[in-house]
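The values are calculated or read from the model by the stated rules, or taken from the named source; none is laboratory data. Predicted model only: the values in this text are computed from it and were never measured. Using ideal geometry, Cβ is built from the backbone for each residue, glycine included, and neighbour counts are taken over all protein chains shown. The accessibility values were calculated without ligands, DNA or RNA, using every heavy atom of the protein model including side chains. Shrake-Rupley method; radii C 1.70, N 1.55, O 1.52, S 1.80 Å.
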Amino acid sequence: MASTIPDPQPGTGTARETPPPQPPSDRAGRVEAHGIDHIPDHERHGRPRQLFSVWAAANVNYLSLVTGGALILMGLTLWQALAVIVTGNLFWLLTGLLSISGPAAGAPSEVITRAMYGVRGNRVNNAVVGWLISVCYFALNLAAAATAAFALVEMAGINANTGVKVAVVMVVAALTLAIGVYGHAMIMKLYLPITLALTAAFAVVAVGVFRHTDFSYVPAEPLTGTDLWAVLAAGVTLIASAPLSYTTSADFSRYLPRTAPARSVVGWTFLGGFLPGAAVCSLGALAATVVDMTDPQAGLRQLLPDWFGPLLLLALVLGTIAINALTAYSAGLALQAVGIRIRRSLSVLADGTAAVALTLYGLLASDFLDTVSNVLQLTVVLLGPALAVYATDIVLRRNRYDGPALMDESPGGPFWYTAGVNPAGALALAGGVTVSALCVNTLYTGPIARALGGVDLALPAGLVTAALLYTLLTRGKWRAPTA
């Protein structure tokens, strides 16, 4: 039995002989009925191209501007920063690969990973990689939206004291959680107009930034040798942390028909993440060549017409609400997959409560920019190996997943493995995380990074180690059954 309680839906009635194009269980005006349970074929609908606006809306956001500007602040030249941005955003291909498991299984990523870790092992995986990291990202993005909203409040002549800041955080969180609570259909309905509105706003930003950019920018003391490689590696990790954080991309593709072309699912997911991700990060880097991007809002306003200031802030808030609604949605599913018997809508609210608490701490008690940089780089230690195991499983199984079988949590089920844990997945993830932790250079410097003069190879080392270990172990005595 799946660890979920579907939200009640009045008036759904009995199943029709010929189901409507958009089933009652997945309409924008209703709270989504499904949680981590299987989506039957007659309720599948939509086309892969709809995924573009989902990911595009989520990637035109304030945090992307911050990370793009941070690359220049780290000491890179403009062209080095742009190369890092393109390289880091190429990891959206892996996000796209993971998304093809959704239509195949008719289940979210939080359930599909039972095939990799076993029923019990997957609960631990969802508690840490799924829920905890999602809540951290929710808090970081909420803090980013709140800082833009604080500036908007100040423009209205209201002093943004502590009480006002708390109120602003609560309002932004409420808007975000409303989308997450209504769920999949609401996301699909809202994100195309959000994408169009954000594209228009950032087109104005692009014009202002291009007019002032110093395209020959080189820092006063250019980095060379080991120092340069260390910053390049850290920069790629920083940018790649965005696509790597979506190890749950099947959550948003699982309503597609199982006949949806895998190539289209990968392609539209990749383009939806890569194009806006690379563009907005690049705007942050370009702006940093002429203004101080330690305060992106103040810096950008120097390059833009006065009348556009409030609209820019509104766009920053809207973009961050879009990305956080996806995060809240997946975090809610992760909480169910941990084994807690709670409705998806209530689990989203629980996640939001935890994220708001972290946000208030991050805004009122610590340095936001340093927190963003350190957290994004450190989470790669977990996210890289987790994504590698998931992607490798998809390749080895040729994306053949049996959704109803994945719902079976009983000791006699196909994914119980050994005492509820698949040793292959557990060992591969543990090995990848261990090697990655030895190579990291962010909040602390691992021994391998120290031996390399500070070059942080946590991302490639964790990915390769986890993928190789999982491949070797599943081809041995712990070979996983067809899902």
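Calculated mean residue ellipticity at 222 nm for the chain: -21000 deg cm²/dmol, from DSSP H runs with n ≥ 4 weighted as -39500 (n - 2.57), summed, divided by the residue count and rounded to 500.
Helix 458-474 and the longest principal axis of the C-alpha atoms of the chain enclose an angle of approximately 10°.
Region 150-212 and region 120-147 have Cα centres lying 20 Å from one another. Each peptide among 151-157, 347-353 gets the average number of other Cβ atoms lying within 10 Å of its residues, and from highest to lowest they stand as 347-353, 151-157. Just to confirm the number: angle between the C-alpha axis of helix 225-244 and the first principal axis of the chain, 0 to 90 degrees, nearest 10? That helix lies at roughly 50 degrees to the long axis. Highest mean first, the peptides 272-280, 330-338, 168-176 sorted by other C-beta atoms within 10 Å per residue fall in the order 330-338, 272-280, 168-176. Estimated at the nearest 10 Å², the accessible area of His212 is 80 Å² with a 1.4 Å probe.
The C-alpha atoms of the chain occupy a region whose extents along the principal axes are 64, 56, 40 Å, arranged from largest to smallest. Restricting attention to region 150-215, which chymotrypsin sites (Phe, Trp or Tyr not before Pro) occupy a DSSP loop and are surrounded by at most 13 other Cβ atoms within 10 Å? Qualifying residues, ordered by number: Phe215. Counted by Cβ distance under 15 Å from Phe52, the other residues give a net charge of +4, where Lys and Arg count +1 and Asp and Glu count -1.
Average accessible surface for region 110-192: 34 Å² per residue, computed with a 1.4 Å probe over protein heavy atoms with every protein chain in place. Computed over neighbours whose Cβ is under 15 Å from that of Gly412, the net charge equals 0, Lys and Arg +1, Asp and Glu -1.
Taking a Cβ cut-off of under 13 Å around His38, the surrounding Lys, Arg, Asp and Glu residues balance to a net charge of -3, with basic ones at +1 and acidic ones at -1. The trypsin sites (Lys or Arg not before Pro) found in region 237-271 that occupy coil by DSSP, while having at most 15 further C-beta atoms within 10 Å, are Arg258.
Need one number: the % of Cα-Cα pairs in region 22-128 sitting beyond the 23 Å mark. Summing the P(r) tail past 23 Å for region 22-128 gives 50 percent. Helix 50-59 axis versus longest C-alpha principal axis of the chain: approximately 40°, rounded to the nearest ten.
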